1. What FRET efficiency do you get for residue 283 and residue 205 if R0 is 22 Å and r is their Cβ-Cβ distance, rounded to the nearest 0.05?
2. Suppose each label sits 7 Å from its Cα in the direction of the beta carbon; what would the residue 337-residue 50 distance come out to in nanometres?
3. Residues in segment 186-219 near a label at residue 147, defined as backbone nitrogen under 15 Å from the 7 Å Cα→Cβ point?
4. Cβ under 14 Å from residue 41's Cβ, residue 41 left aside: what net charge do those residues give with Lys, Arg +1 and Asp, Glu -1?
5. Pop the C-beta distance of residue 366 and residue 247 into the FRET formula with R0 = 45 Å and round what comes out to the nearest 0.05.
6. Could you order 293, 321 by accessible surface area, starting with the largest, using a probe radius of 1.4 Å?
7. Once you've got the GNM for the chain with C-alpha springs shorter than 10 Å, pick whichever of 268, 256, 52 has the biggest mean-square fluctuation.
8. log₁₀ I(q)/I(0) of segment 54-274 at q = 0.07, 0.18 Å⁻¹, via Debye over equal Cα point scatterers, no solvent, to two decimals?
Amino acid sequence: MKRAGGSPTVALNAKGIRMREEGIDILSFAAGEPDYDTPEPVKAAAIEAIRQNDTHYTSAAGTTALRRRIVRKLREENGIDVSEDGIIVTPGAKPALFAAMMCFLEPGDECLVLTPAYPSYRSGILMAGAGYVPVPLRFEDGFRVTRKMLEAKVTARSKMLIVCNPCNPTGHVLSAEEVRDIADFVLAHDLLLIADEIYEKLIYDGREHLSLGALPEISDRVITLNGLSKSAAMTGWRIGYSASSPSLARVMLKFQQNSLNCTAAFTQTASVAAFDCAAETEAMRLGYLRRRDLICDGLNAIPGITCPRAEGAFYAFFRVDHRGMSAGELAEYILEKERILLVPGTAFGEGGEGCLRMSFAADEASLHEALRRLGRLFG
Ligand SMILES: Cc1ncc(COP(=O)(O)O)c(C=O)c1O
């Protein structure tokens, strides 16, 4: 625990909440949280499940109904051929991530992470006692990864690679070429691959989401992580899952049995309905797309700011060139001068220097106001 830091985004969010409670007029774009409400059919199903006393332990791996629905979803939407005993339902995707790292990483092992990355990857690796090996991607290259970059970081101790697609924070969506390179790489070095697909449904401009777990030659070494937090605006429900070969799932199930036990019963029951809420998810995606364009166009109009159009997820990850300030200094400066809370790119590890992350899962009035204040500060 000494080696792992806290979560910078959670800490910043708490700071924003505290400032607001103190009556400070602050605009916070630090959280990774949809601003939509959970679809009505899911809420109705949860209320009914509680009425029916669906309030006891479930099997540790999750209810049969939900696991079957996940199996169908993965087959139909992702081309991932997984059986029911390869699915573990967890209270959010994060516990599935930690289960995988606790189960398959040991002191002496190394885990490669494409950075900038979700900070919990690093924390989890360090909590498992393993070595964290960043593979820094470049802003100038659109955060694309190549086989060469991966090969430069692999050692005899490498055990696992973590990939987030679409990526939090950069919004990058893996191309077919990158997927091929990653698959060849993990196969050549006998690695496990964690594919975090939590933002899968939030992809723009006609891009296609490609699941690494769908490639037959590596499917037995891929642990796909997903959940309903982002796709169905269900962060507080805590529903995620892992999908893998039954032999990997058996190990992770032991971890779940001995730690979390199971995911809340009525949220599991209600979650089955979320997989039939494609129309609601699509409406959210279109809303995020509109706000992505609003924020990118607005930021790019400010001198010194370069904001690539996020290919997926709901974050603008932009570079600010201002008096040689570091990302941390910039975030402090913006908070102090204009009361806007953003996350410094360095919170996401190597490759994030000079950048800031701004969630555009926020109401349009706040986004307009933030653009006005940033324009005043840098214009
Ligand atoms: C990349 C990534 N993976 C996993 C998670 C965790 O999601 P959950 O709320 O399902 O635990 C998040 C949440 O911010 C995330 O951004």
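The values are calculated or read from the model by the stated rules, or taken from the named source; none is laboratory data. Bear in mind that the values here come from a model prediction, so they are computed numbers and not experimental data. Cβ: placed from backbone, ideal geometry, glycine included. Neighbour counts: every protein chain shown. For the accessible areas, the whole protein counts, side chains as well, though only heavy atoms, and no ligand, DNA or RNA atoms are used. Shrake-Rupley method; radii C 1.70, N 1.55, O 1.52, S 1.80 Å.
1. E between residue 283 and residue 205, to the nearest 0.05, is 0.80.
2. Rounded to a tenth, the inter-label distance reads 4.7 nm.
3. 186-190
4. Within the 14 Å Cβ shell, the charges total -3.
5. It comes out at approximately 0.40.
6. 321, 293
7. Residue with maximal mean-square fluctuation among 268, 256, 52: 52.
8. The Debye formula, applied to the Cα set alone, gives -0.19, -1.37.
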